[in-house]
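Each remark here refers to the structure printed beneath this line.
Values quoted throughout were computed directly from the atomic coordinates according to the rules given, and no laboratory measurement underlies them. Note that the structure is predicted; figures quoted are calculated from it, not measured. Neighbour counts are summed over all protein chains in view; Cβ atoms, including those assigned to glycine, are modelled from backbone coordinates with ideal geometry.
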Amino acid sequence: MASEQITTGKDVLSFCTKCKLNLAHTIVAMKDAKSIAKVKCNTCTTIQSFKDPSTSSANKTRTKKKPTLTSKGSTKIISISDLWMEQLNKTTAKSQPYGIDQKYKAGDVIDHTKFGPGIVQNVKASTIEVVFRHEIKTLVHNKEM
Ligand SMILES: [Zn+2]
């Protein structure tokens, strides 16, 4: 006997996400000749993606992802304070008070009245990116007074 063709309008068993049961659904859309895209629940009439009841239980166990420490590989996440500490230890620059009319260059250490010591990272024409103990800030510099 030739296998029954699956096509729109036919009934299939699919897992209804609303009824939370494997129920008879009517195929409303096909992905291709062999795979069903959308089905309509015969019980609650919700149109949803076809969920093969024979594979849905397998999917359930797979969706519960375990956070694996090795998955990140060599990319070590360092916190801002780690970065700040590392930069401060590395630099030999003397800290200087921060002022928006001053001109800074990368590697300069500034002493901010509010944020404390920070190391200048990126320098643009009128702004500098500075690593402070708890945050990275973009500050104005080189401003004509
Ligand atoms: Zn339903």
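How charged is the neighbourhood of Gln96? Take every other residue with its Cβ under 9 Å from the Cβ of Gln96, and add Lys/Arg as +1 and Asp/Glu as -1.
Here the charged neighbours net out to -1.
Evaluated at q = 0.14, 0.17, 0.32 Å⁻¹, the base-10 log of the normalised Debye intensity for the stretch 11-55, with identical point scatterers placed on the Cα atoms, takes the values -0.24, -0.36, -1.20. Here the calculated FRET efficiency for Asn122 and Ser49, from their Cβ-Cβ distance with R0 = 41 Å, stands at 0.35, rounded to the nearest 0.05. Annotation: amide H of Leu13 within the under-5 Å range of His25, sequence separation 5 or more or interchain, hydrogens built in the peptide plane.
Electrostatic bookkeeping for Cys44 treats Lys and Arg as +1 and Asp and Glu as -1; over the other residues with beta carbon under 12 Å from its beta carbon, the sum is +3. Rg and Dmax of the stretch 82-145, based on Cα coordinates, read 10.7, 35 Å.
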